[in-house]
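Engineer: Handing you this structure, nothing more for now.
The values are calculated or read from the model by the stated rules, or taken from the named source; none is laboratory data. These figures come from a predicted structure and were not determined experimentally. Neighbour counts are summed over all protein chains in view; Cβ atoms, including those assigned to glycine, are modelled from backbone coordinates with ideal geometry.
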């Protein structure tokens with residue numbers, strides 16, 4: 001489960017950004033195509049925050065849907081997976097616009 005190491009990385013990033021202040025909430029964006037399972041991050045969060053500035057903090061997950069733009073017809077559409085063709089013209093020349101995110105968006109500190 002790589003979500004444990006990802007969650008530990010999130011905790012490290014938050015602590016280094018908090019300037020020693022207690023963190024009460026973390027907003028984390030997780031893209032649909034990121035390969036990260038949001039429920040697993042939630043499960044790991046309590047264990048990874050124990051004894052840190054984040055202990056007891058709320059974890060708010062924002063799921064980012066995958067969107068793509070066709071390079072042939074310029075249509076934008078929802079992606080379920082990588083390498084889906086454009087539903088309008090069938091082209092595989094698709095640029096991913098969103099869905100790969102994995103970032104700490106916001107911290108709430110005391």
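Engineer: Would the stretch 89-110 turn up any residue that is part of a loop (DSSP other than H, G, I, E, B) and modelled with pLDDT under 95?
Structural biologist: Yes, the stretch 89-110 has at least one match.
Engineer: Follow-up question, since we're still on this one. Inside the stretch 1-83, counting only strands (runs of 3 or more DSSP E) that do not spill past its ends, which hold 1 or more residues that are in contact (Cβ under 8 Å) with a residue 24 or more places away in the chain and surrounded by 14 or more Cβ atoms within 10 Å (Cβ to Cβ)?
Structural biologist: Where strands (runs of 3 or more DSSP E) fall fully within the stretch 1-83 and carry at least 1 residues being in contact (Cβ under 8 Å) with a residue 24 or more places away in the chain and surrounded by 14 or more Cβ atoms within 10 Å (Cβ to Cβ), they are 23-31, 58-64, 67-70.
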